[in-house]
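Trainee: Structure incoming, see below.
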Number of protein chains: 2
Amino acid sequence: MKLSNLVGDRFKERPSDCVIESHAFTVRGGYIKNVANGIYSLFPPMKRITRKIEEIIRQEMDAIDGQEVLFPVVLPGSLWEESGRFESVGDELLRFKDRGDAQMVLGMTHEEAAVQLVREYGQTHARYPFMIYQIQTKFRDEARPRAGLIRVREFTMKDAYSFHTSQEDLEAYYARCYDAYHRIFARAGVPEVVAVKSDSGMMGGSVSHEFMLLTDAGEDSIVTCDSCNYSANMEVAENIVDNTGLDASEPLRKVQTPHCKTIEEVVSFLGSRVENSCKAVIYQKNASDEYVVVFLRGDYEVNESKLTNLLGEKIHPAAEPEKGGLVPGFCGPYGNGAKCTFIYDRSLKGIGSLCAGANEEDYHYVGLNLERDLGGVEYVDVAKIQAGGICPCCGRRTVRISRGIEVGNIFQLGTKYTKTMGMTYTDDDGTEKHPIMGCYGIGVGRLAASVCEVRRDDYGPIWPITIAPWQVHLCCMRVDREDCKAAADEICAALERAGIEVLYDDRNVRAGVMFADADLLGVPVRITVGPKNLENGQVELTTRDKRVKELVPREEILEKTQALIAQLFAEIEAHVNDKTYSTEQ
Amino acid sequence: MKLSNLVGDRFKERPSDCVIESHAFTVRGGYIKNVANGIYSLFPPMKRITRKIEEIIRQEMDAIDGQEVLFPVVLPGSLWEESGRFESVGDELLRFKDRGDAQMVLGMTHEEAAVQLVREYGQTHARYPFMIYQIQTKFRDEARPRAGLIRVREFTMKDAYSFHTSQEDLEAYYARCYDAYHRIFARAGVPEVVAVKSDSGMMGGSVSHEFMLLTDAGEDSIVTCDSCNYSANMEVAENIVDNTGLDASEPLRKVQTPHCKTIEEVVSFLGSRVENSCKAVIYQKNASDEYVVVFLRGDYEVNESKLTNLLGEKIHPAAEPEKGGLVPGFCGPYGNGAKCTFIYDRSLKGIGSLCAGANEEDYHYVGLNLERDLGGVEYVDVAKIQAGGICPCCGRRTVRISRGIEVGNIFQLGTKYTKTMGMTYTDDDGTEKHPIMGCYGIGVGRLAASVCEVRRDDYGPIWPITIAPWQVHLCCMRVDREDCKAAADEICAALERAGIEVLYDDRNVRAGVMFADADLLGVPVRITVGPKNLENGQVELTTRDKRVKELVPREEILEKTQALIAQLFAEIEAHVNDKTYSTEQ
């Protein structure tokens, strides 16, 4: 393929709306074009990359006995009513009526469609287990799309659904899929993806993992431990608090704390320690408007995901706590007569003497001892884990918090969908049972953009050979010189005959333009044919990541290029079986 | 792949809602499942077929310098407003609002998205011509989906868009694409697809062709000539009428024709010839309700497509002609004072004496001579061509009318979209011009179903080897016998090692069930391992189309199977360059 024919423009100026590098490079390099908010068209280079990623995914899904199917993009609303998600999912589920006034939705995930497809097939136990998957367009009406292909409204996703007759069988398959996911990411050139325990959210089910590519550009917070294998999404990470040495008690008394509404103000005014303070954070339940007050140690923050899971319903920060009989800035557990749900985080447990709001403007209690003064307090875990905190797994103070992009996820769904949608099978003892499901997703475009985010330099992406749009970028530096042009033409033909994917730049442009474009296109192997080297019978062979830079006799270039490509593939292959479920879990 | 693991059910009963065989077979064979009206999920066999078709299409599009891209399924309404189609296209364009109340549509074709993608890239003439294509899900809110995958609402389509700086260049590319289309259909196993001139409809532009697979199950009428190469869609076929011998004139007079409202009744009552009668068909314009009366020879029918094209707007049969001052059953051209558009089909030209309605209940005129009695009549072509009629190309009375399924289409669009959407390029003389476009579509699922419709017997599809879900169907007749099972296992392993796609039926079921399933799955090559033949060291090698049926020594089965597969591929390859634009046009 000649670069002069490649549809799409490359340019130097960084678009002002790009907050992360992969977004800027994919726009500047002619990979994607914005069509509407969070909706993109793909130019040929990105289409080539995503096709290669899809093929890797397909091979790995087939290798774990997956069978490829295709579900519709447009689904009847009635199907989502069966599962209950037509009501329970928010505005990100795009709902509309067709010409016959039938309620339809755009598929954002396909559990319902999967159950609908195999409800009859799966009526007898002998047919289990089985897994079906598709690679298909999905639409999720995100309120805030961002960062190019990282968070979009329309996207291509591989989604897989497995069906089982026992939890053990699901768990065994889940482990196979977990390993397949690590292989997929390694083959896509990012073996450093980590699997973290996560919140199942709207998917339901209990055990789930997210596959995270660690990068500061990520929007997820990931908890890992520097001492052991522990990893979890911040949303679910257990927070361990050591209150040793804080058990000394004092008498309870009320003190005046004028205008001290924040923990910092109170602690500073009283000259006390923040570890001895009790913070109140006030929420309301979305459905009932009922107030919920969370009490926790002053130096911790509420983890709203854990709180939501605990309550079993969605919440939002209270707008006017006064209406619930609460005194903002001075809300505390002792002498609080408000009718609402009080929640005590376990960061308060074992503290002998607390400073807490007195439920009265400008007053706090000091010397509050929850066991002594309130009694019967039940502690739960709703606070955020902190960097340098205690690892829930090994107990050392070696918690690290990183940013990451979620490039895949796997869920043990249980019978949530098969129960609500009435899918049953006859077991070998003749009883009717609901199959147990797992589901497994990978966003194709997001993975492509994520790889770009972590495999780049200042000038553009450095695509791994396995997903690169082309394998070799051939630059003819002087297309106006016959010898140069002839040599480059000949090399291009030889490479293509050997089945190598070549992007051939035979434009009559300055070297600076040529190399800038090559950097933006990020093809891993580059061959430069210039007049000076050619006089010595040589051409230059380099890699986009600058590890290789050598002059090669013209007649050896095919052989050397083949060897270099093979080496790049082998380097990736070496990581493919690095991580397994059994050793990581 | 073991058949016992294949997701999907096969069954004997023909579903009552299936009107054509391909629909019945694809449901009965576990290929597709209905999700909503005109919306299907694909089971693994159909997914495998469509992937192979997509790969054939991709190769042929790449071979004519196409570059694969991806456009969104969900498009902003504003893009369709730019082209004017947001208003002009009917209810089949599904329109809805997103969560931010922005107007969106589901892409049913992507001319607007194609122009949006390359509007900047195509600003200079040196970049032309170029062609981009995608293989993507589309949605068209059909009022009456039918016949399984033949006419659906959601479908996978290959759509290609070419851009040119001259009409000559478009025409040259159009010819390349035309040839590529014939190669695609030949490679998919249906070389008999014919290209016919067609109506451009809502796409705009002038020249267009439909690729038709002739079958009685088709919903299109195709006109071909038994004497020459002429072919056209009924919608556009020119109607040639020979009124030789009908020029004798008579005096005009009004006659009573009580209750004679149809041509048949009048002709029978008067004892005259139908060729000497003038029929009136009354329409109304959709937009203005204005009445349109078409007069044509009594034995012809109105071709509403040609009429719509002539008027430049949509029409419908008039509900209450009386309101327009017309007398239904007695409407005629002479003495008609109604304020409406009168259209004279050329089937009336040269007839000396006509019987026509007198615009008065129970009265007709006879002896009407349009030139003499009305004068200044302008004749147009709005009648349907008839079987046995005159070929517009060679003039012989050898017109044949067939039914067909449209499996692809190509259009010369001109500047319709580039003008309305303001896409321009600077030509080498410095002037700004609008590029000229072509567009080229193939429905993937429809092609799969159409192949099934014409490649089948009473028991199921007979898939061409190039698109078959598997290449070999291996039946182990007695899985309960160790020797039989071991031989079949060994053959399966040997075939798979050789890269052959095998569907292996090792179920313990009756031979009837096994063969019925194999017939429904339509895999072209079958190997049957049975105990009796095995005693002689033989297995049976057959083809689904029954042309081959031989006993093969067990140790030769791999070699023989490879040879048979190669032969089946070669038979298809032999037709690939049968038809070319230059010889057909």
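Trainee: For chain B, what is the Kirkwood estimate of the hydrodynamic radius, computed as the reciprocal of the mean inverse distance between distinct Cα atoms, to one decimal in Å?
Mentor: Answer for chain B: a Kirkwood hydrodynamic radius of 27.4 Å.
Trainee: I need the inter-copy label distances for B:K314: point set 7 Å along Cα to C-beta, values in nm with one decimal, smallest first.
Mentor: Between copies, matching label points for B:K314 lie 3.9 nm apart.
Trainee: Then there's this: Which part of the stretch B:342-385 falls in the paramagnetic zone of B:E265, meaning amide N under 18 Å from the point 7 Å along Cα-to-beta-carbon?
Mentor: Those under the cut-off are B:355-366.
Trainee: Suppose you put the label 7 Å out from Cα in the Cβ direction; list, shortest first and in nm with one decimal, how far B:D17 is from each other copy's label.
Mentor: 4.2
Trainee: A further question on this structure: I want the antiparallel fraction of DSSP beta bridges within the protein assembly as shown, as a percent rounded to 5.
Mentor: Around 80 percent of the beta bridges assigned by DSSP in the protein assembly as shown are antiparallel ones.
Trainee: What is the fewest-to-most order of B:Y440, B:Y425, B:Y459 by other Cβ atoms lying within 10 Å of their Cβ?
Mentor: Ordered from fewest to most neighbouring Cβ atoms within 10 Å, B:Y440, B:Y425, B:Y459 come out as B:Y459, B:Y425, B:Y440.
Trainee: Shape call for the stretch B:109-260 from the C-alpha gyration tensor, a ≥ b ≥ c root eigenvalues: rounded (a/c under 1.5), prolate (a/b greater than b/c) or oblate?
Mentor: In terms of gyration-tensor shape, prolate.
Trainee: Only Cα pairs under 8 Å and at least 6 apart count here; give the relative contact order of chain A as a rounded whole percent.
Mentor: Once normalised by length, the contact order is 17 percent.
Trainee: Express the relative contact order of the stretch A:284-406 as a whole percentage, based on alpha carbon pairs under 8 Å and six or more residues apart in sequence.
Mentor: RCO, the stretch A:284-406: 24 percent.
Trainee: To the nearest 500 deg cm²/dmol, what mean residue ellipticity at 222 nm is calculated for the protein assembly as shown from DSSP H runs of n ≥ 4 alone, each contributing -39,500 (n - 2.57), summed and divided by the residues?
Mentor: The helix contribution divided over the protein assembly as shown gives -7500 deg cm²/dmol.
Trainee: Follow-up. Which whole number gives the average count of other chain Cβ atoms within 10 Å of the Cβ atoms across peptide A:40-53?
Mentor: 4
Trainee: Using Cα-Cα distances under 8 Å and only pairs 6 or more residues apart, what relative contact order does the stretch B:220-308 have, in percent?
Mentor: Reported relative contact order: 20 percent.
Trainee: Going by amide H atoms built from the backbone, whose H comes under 5 Å of the H on A:F130, apart from near neighbours?
Mentor: For A:F130, the qualifying residues are A:F163.
Trainee: Separate question: Apply the Karplus curve 6.51 cos²θ - 1.76 cosθ + 1.60, θ = phi - 60°, to the phi angles in the stretch B:514-527 and return the couplings in whole Hz, x for Gly and Pro.
Mentor: 4, 6, 4, 5, 4, 5, 5, 7, x, 5, x, 10, 10, 10
Trainee: Give me the inter-chain shielding for A:147-155: mean count of other chain Cβ atoms within 10 Å, whole number please.
Mentor: 1
Trainee: Given the stretch A:427-585, report the % of alpha carbon pairs whose separation exceeds 21 Å.
Mentor: 54
Trainee: OK, next. Give me the percent of DSSP beta bridges within chain B that run antiparallel, rounded to the nearest 5.
Mentor: Taking every DSSP beta bridge with both residues in chain B, the antiparallel ones total about 80 percent.
Trainee: Mind grabbing the base-10 log of I(q)/I(0) for the protein assembly as shown at q = 0.07, 0.08 Å⁻¹? Debye formula, identical points on the C-alpha positions, no solvent, two decimal places.
Mentor: Scattering profile of the protein assembly as shown, log10 relative to I(0): -0.84, -1.03.
Trainee: Check the axis relating chain A to chain B and name the residue of A whose C-beta is nearest, distance in whole Å.
Mentor: Nearest Cβ to the rotation axis, residue and whole-Å distance: A:F96, 2.
Trainee: Give the cross-link partners of B:K532 among the lysines, using a straight C-alpha distance below 30 Å as the criterion and excluding same-chain residues fewer than 8 apart.
Mentor: Candidates past the 8-residue exclusion: B:K2, B:K12, B:K485, B:K546, B:K549, B:K560.
Trainee: Now for a different question. Between B:P251 and the same site in the other copies, what are the distances in nm, shortest first, taking label points 7 Å from Cα along the C-beta direction?
Mentor: Copy-to-copy label distances at B:P251, shortest first: 13.7 nm.
Trainee: Still on this structure, please answer the following. Under 26 Å Cα to Cα from A:K261, which lysines show up? Leave out anything in the same chain fewer than 8 places away.
Mentor: Partners found: A:K279, A:K285, A:K306, A:K323, A:K339, A:K349, A:K384.
Trainee: Counting partner chain Cβ atoms within 10 Å of every residue's Cβ in A:131-140, what's the average?
Mentor: Mean shielding by partner chains, rounded to a whole number: 3.
Trainee: Quick check on the stretch A:1-136: what does the Kirkwood estimate of hydrodynamic radius come out to from the alpha carbon pairs, in Å?
Mentor: Evaluated over the stretch A:1-136, this radius sits at 18.6 Å.
Trainee: What full-extension length gain, to one decimal in nm, is calculated for A:E92 and A:D299 as 0.36 nm per residue of separation minus the Cα-Cα distance?
Mentor: Contour length minus the Cα-Cα distance gives 71.1 nm.
Trainee: Continuing with this model, one more query. Give the shape of the stretch A:239-366 as rounded, prolate or oblate, defined through the alpha-carbon gyration tensor: a ≥ b ≥ c are the square roots of its eigenvalues, a/c under 1.5 means rounded, and otherwise the shape is prolate if a/b is larger than b/c and oblate if not.
Mentor: Verdict is oblate for the stretch A:239-366.
Trainee: Could you work out how far apart the two model spin labels at B:A574 and A:K339 are, taking each label as a point 7 Å from the Cα in the direction of the beta carbon, and quote it in nm?
Mentor: About 8.9 nm, to one decimal.
Trainee: What are the residues whose amide H is under 5 Å from the amide H of B:V193, where those residues sit 5 or more places off or on another chain and H is modelled from the backbone?
Mentor: Placed amide hydrogens put nothing under 5 Å from B:V193.
Trainee: Where Rh is the Kirkwood radius over the Cα pairs of the stretch A:1-66, the temperature 20 °C and the viscosity 1.002 mPa s, what D in µm²/s does Stokes-Einstein return?
Mentor: Answer, rounded: 157 µm²/s.
Trainee: Please say if the stretch A:435-480 is rounded, prolate or oblate, where rounded means a/c under 1.5 for a ≥ b ≥ c the square roots of the C-alpha gyration tensor eigenvalues, and otherwise the choice is prolate for a/b larger than b/c and oblate otherwise?
Mentor: prolate
Any read-out appearing in this document is the output of simple, stated calculations on the displayed coordinates, not a laboratory observation. Since this is a predicted model, take the numbers as computed values, not measurements. Note that each Cβ is placed from the backbone with ideal geometry, even for glycine, and that neighbours are counted across all protein chains shown.
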